[in-house]
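Enquirer: Input: one structure, supplied below.
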Amino acid sequence: AKSTGNSPLCFFDPQMQAQVRERSEIDAGLRMALEKQQFLLHYQPQVDDTGQIIGAEALVRWKHPEQGLISPARFIPVAEDNGLILPLGHWVLETACQQLALWADNPARAHLTIAVNISAKQLSQAHFVDQVMEVLQRTGAPAQRLKLELTESALVHEIESIIDKMNSLKMHGVGFSLDDFGTGYSSLAYLKRLPLDQLKIDQSFVRDISFDANSADIAQTIILLAERMKISVLAEGVETQLQQSALRERGCHHYQGYLFGRPMPIEEFEGELLRR
Ligand code: C2E
Ligand code: CA
Ligand code: CA
Ligand code: CA
């Protein structure tokens, strides 16, 4: 493959060509998928020190008729580029809120929260606050149980207007978690101005925590930062007991990861709730 320097010939790199083809296939497929309702949500448990499930992160999947379940890592970036993230994100929010409304009627489930990933495009919409409030009202989901996960990259542009939106939703009880914390290029300067409820320690720091001093120090710093900000901290990508105990020793008491459960269909998640 020609991949040398700045030659325009690199456009004919077969690997790149394959990537471009895959993207346009996904692009076309996504439009159809929305109409045909080929998306579904998986729920991944979030647990406390005792192993009790305190909530779930909702993660979208594309149930492709031929290819089976397609990972969001493959189609979310495309949906962000072609704008389909707006209707798709709306569907995710609505589906998660329907679930919250069901749980709210069940005393054994009413404490559970659902975290929903919100991409930058959604957040920058002028009517974002109204949309979220409309979905909450229509579904009957309690705002206090909804947590919106934002990444640092969603906070780079129009920060003043985003802070306003966050404050409006927060007044209604909606919570905010900062996803993949430490991997973006955000500045600590505005961190204190964001009405956050949670920092999420990225899985890249969790992965190496028990054998890499730098990762352990970064995790420790995030935990102390959350403590100072009087907000909670949750570690994602926890796969081993060793990682969990390294986190617990450093003051983190909320976890998410394969050690506690993979993202799963709602029926399985309900089964997990009963089993524990
Ligand atoms: P994310 O928000 O950082 O979600 C966590 C990802 O880590 C999920 O991948 C989850 O399945 C995976 N994960 C959870 N526990 C472990 C673990 O112990 N080890 C490892 N190695 N991985 C773990 P998933 O479901 O493939 O989602 C990938 C990304 O796609 C998400 O990363 C998020 O950025 C995006 N995404 C997923 N659903 C949505 C959505 O509804 N809206 C938007 N805007 N983005 C979404
Ligand atoms: Ca997330
Ligand atoms: Ca994350
Ligand atoms: Ca991530």
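The values are calculated or read from the model by the stated rules, or taken from the named source; none is laboratory data. Quantities reported herein were computed from a predicted structural model and do not represent experimental measurements. Cβ: placed from backbone, ideal geometry, glycine included. Neighbour counts: every protein chain shown. To get the accessible areas, we keep the full protein, side chains included, count just its heavy atoms, and leave off ligands, DNA and RNA. Shrake-Rupley method; radii C 1.70, N 1.55, O 1.52, S 1.80 Å.
Enquirer: Given a 1.4 angstrom probe, I'd like the percentage of the accessible area of the chain that is carbon and sulfur, rounded to a whole number.
Expert: Values: 7580 of 14200 Å².
Its accessible area is 53 percent carbon and sulfur atoms.
Enquirer: Measuring from label point to label point, each 7 Å out along Cα→Cβ, what is the residue 66 to residue 270 span in nm?
Expert: Spacing of the two 7 Å Cα→Cβ label points: 3.4 nm.
Enquirer: Right, something else. Which whole-number value in Å² is the accessible area per residue of the chain, probe 1.4 Å?
Expert: Numbers: 14200 Å² over 276 residues.
In whole numbers, the chain has 51 Å² accessible per residue.
Enquirer: Still on this structure: Using 0.36 nm per residue, how much length does the chain from residue 21 to residue 242 gain when fully extended, once their Cα-Cα distance is taken away?
Expert: Values: separation 221, 0.36 × 221 = 79.56 nm, distance 4.19 nm.
Stretched out fully, the residue 21 to residue 242 stretch lengthens by 75.4 nm.
Enquirer: Moving on to the next point. Using a 7 Å offset from the Cα along the Cα-to-Cβ direction at both residue 130 and residue 38, what is the distance between the two label points in nm, to one decimal?
Expert: That separation, rounded to one decimal, is 3.3 nm.
Enquirer: Follow-up question, since we're still on this one. Taking 8 Å as the Cα distance limit and 6 or more residues as the minimum spacing, I'd like the relative contact order of the stretch 40-170 as a percentage. Don't skip to the answer; put the middle values down first.
Expert: On the way: 169 pairs, mean separation 29.7, N = 131.
About 23 percent, as a whole number.
Enquirer: Note the direction-averaged projected area, equal to a quarter of the hull surface, for the Cα convex hull of the stretch 60-175, in nm². Mind showing how you got there, number by number?
Expert: Numbers: hull surface 31.8 nm².
Mean shadow area of the hull around the Cα atoms is 8.0 nm².
Enquirer: Using only the alpha-carbon atoms, what does the stretch 145-272 span along each of its principal axes? Please give whole angstrom values in decreasing order.
Expert: 41, 40, 23
Enquirer: May I pose another question? Based only on Cα atoms, what mean projected area does the convex hull of the stretch 199-276 have, in nm²? Don't jump to the answer; show the numbers that get you there.
Expert: On the way: hull surface 21.6 nm².
With every direction weighted equally, the projected area is 5.4 nm².
Enquirer: So what J values fall out for the stretch 226-233 if you push phi through Karplus, 6.51 cos²θ - 1.76 cosθ + 1.60 with θ = phi - 60°, rounded to Hz, Gly and Pro as x?
Expert: 4, 4, 4, 7, 6, 10, 8, 9
Enquirer: Under a point spin-label approximation (7 Å from Cα along Cα-to-Cβ), what is the residue 105-residue 190 distance to one decimal in nm?
Expert: According to this spin-label approximation, the distance is 4.1 nm.
Enquirer: Then there is this: Quick one: plug the Kirkwood hydrodynamic radius of the stretch 124-172 (C-alpha pairs) into Stokes-Einstein at 20 °C, 1.002 mPa s, and report D in µm²/s.
Expert: Details: Rh = 11.6 Å.
The estimated diffusion coefficient comes to 185 µm²/s.
Enquirer: Could you give the alpha-carbon Rg of the stretch 14-98 over 2.2 N^0.38 Å, rounded to two decimals? Walk me through the intermediate numbers first.
Expert: Details: Rg = 15.2 Å, N = 85, 2.2 N^0.38 = 11.9 Å.
Ratio of Rg to 2.2 N^0.38 Å for the stretch 14-98: 1.28.
Enquirer: Now, a different point. If contacts are Cα pairs under 8 angstrom and at least 6 residues apart, what is the relative contact order of the chain in percent? Walk me through the intermediate numbers first.
Expert: Values: 433 pairs, mean separation 46.6, N = 276.
In percent, rounded to a whole number, it is 17.
Enquirer: Based on the alpha-carbon set only, what is the convex hull volume of the chain divided per residue, in Å³?
Expert: Details: hull volume 46.0 nm³, N = 276.
Spread over its residues, the Cα hull of the chain gives 167 Å³ apiece.
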